[in-house]
Each structure stands twice: as structure tokens, then as C-alpha cells.
Amino acid sequence: MIEFDRNEALRYLGYRNTEPDAAIAESLTRCAADMQAAVQPKSVFVSFPLSHPAENALEIAGVTIHSCNLARNLRGCERVYLMAATLGIAVDRLIARASAVRMSDAVIYQAVAAAMIETYCDAVNDTIRREAARGGLYCRPRFSPGYGDFSIAHQRDFSRLLDTPRKIGLTVTESCLLAPVKSVTAVIGLSDTPQPCHRRGCEECGKKDCAFRR
């Protein structure tokens, strides 16, 4: 079972250092229980060689990525893990049903699922970190397509390289969005020297005016 981070869900709902009223709190508890019953988390991760063919350019398994943000994150790395994680299609169905019947529940389901996919990605990240440590390597913070100048179009490359449709039922739409919606792809650099690895998505993203920024 994926742990439910109530504070993260409240952040997605727009509560910053405040508590919701009793009715919202009760709905949050109920929707979190529904979501716990619906999630079917799956993940896949594979290690690939990494090369740096030019400044702010990277190559992973024949895929060239142009991104100064990602290049900075992966400076000094010669290998990476690509990872993908999803909560499963039942989550999308739960949100869709609520959207047709009770929109307030749909909003809460969205927030709860957003918190849960982050928690699940952290757990997958910990597994990757332990596997890397067995080889004497250290992980950099995970970095997803769509952060900074890292093009969201690389969702397609990650899905292909990880074979996500077959392995975890994760596909990419024509507009490069993931389906199921509550899914994540990311790259994690591997280095032979330890560096701080505590920063998460908001801290890596340059969009300072985001309403959901930590």
C-alpha cells in the first residue's frame, strides 16, 4: 500500500500552512481511502550508458537530449537510470466518475493521487539508490521531462526504451502526456562521487510562479 501524505495532498489543494474546514477534512479522508483501494502501482527502471557529445547535450541509448538544466544535473555522470512509475488506470477511472457526479470529490482525488504518485516515485527512487550503492555509485536527483528546458517530447523516448506499454501499461499520447495520467518518467544520474540528493521536482524547476510550488 502506498503511504498517503496528507500535507502534500493539502498543498495540491491550495492549503499552505492552514488546515481545511471539517467538511473538507472529512472528504479528504474518505477520498484517500477510495484512492488507496484503487491504486495498482507499477514501475520499471533500467540503467543505460550516458555520454556528453556537446555542451548542454546528452546521449542516452541513441537518444540525444538538449537541455542545460538536465546537463547540469548529470554533470560528471557516465551512467543513468531511466524510470517510469504509474498508479494504474483505475485511478483515472475513479477521477472520471467523480468528475461526472461530484466535481468537489474529483478535485480531491486529483490532489490525493498527485501526492501518492510522488510518494511511490520516492520509494522506487530508494530502490534504485540501493541498487546503485551495491555497484559503488551514487544517485543524482531524479529529473523528469517537462522540468525546466527538458522537453516533454522525451516521454516517448523513455517509454520506448523502457517498454512501458508492455511492462507496466503506460503509454504516451500524441501530445506527449502519460496515460494513465498519474504516472511519471524520469532520469536519475549515477556518479562515483557522493553529492546531495535531496532536491525534488519543485526545487529543480525554474517556474517560480507555480501555484503548487513547495
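Computed from the coordinates by the stated procedures, all read-outs in this text should not be read as laboratory data. Everything numeric in this text was worked out from a predicted model, so none of it was measured. Heads up, the Cβs are rebuilt from the backbone with ideal geometry, glycines too, and the neighbour counts pull from every protein chain shown.
Tabulated values for the structure
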{"quantity": "Estimated vicinal HN-Hα couplings, Hz - region 169-175 in sequence order (Karplus 6.51, -1.76, 1.60; Gly, Pro = x)", "calculated": "x, 9, 10, 10, 6, 4, 8"}
{"quantity": "Inter-site label distance for residue 29 and residue 64 at 7 Å from Cα along Cβ, in nm", "calculated": "5.7 nm"}
{"quantity": "Convex hull projection area averaged over all views, region 102-160, Cα basis, nm²", "calculated": "5.9 nm²"}
{"quantity": "Linear extension gain, residue 17 paired with residue 99, 0.36 nm per residue minus alpha-carbon span", "calculated": "26.8 nm"}
{"quantity": "Chymotrypsin sites (Phe, Trp or Tyr not before Pro) restricted to DSSP loop in region 5-76 with at most 15 other C-beta within 10 Å", "calculated": "15"}
{"quantity": "Ellipticity estimate at 222 nm from DSSP helix runs (n ≥ 4, -39,500 (n - 2.57)) divided over the chain, nearest 500", "calculated": "-13000 deg cm²/dmol"}
{"quantity": "Residue range of the chain that is longest and free of GluC sites (Glu not before Pro) which are both DSSP loop and sparsely packed (at most 12 other C-beta within 10 Å)", "calculated": "56-173"}
{"quantity": "Region 1-133 - charge dipole about Cα centre, Lys and Arg +1 at Cβ, Asp and Glu -1, debye rounded to 20", "calculated": "160 debye"}
{"quantity": "Long-range HN-HN contacts of residue 171 with modeled amide H, under 5 Å", "calculated": "179"}
{"quantity": "Paramagnetic label zone (point 7 Å from Cα along Cα-to-C-beta, residue 192; backbone N under 11 Å) in region 76-108", "calculated": "78"}
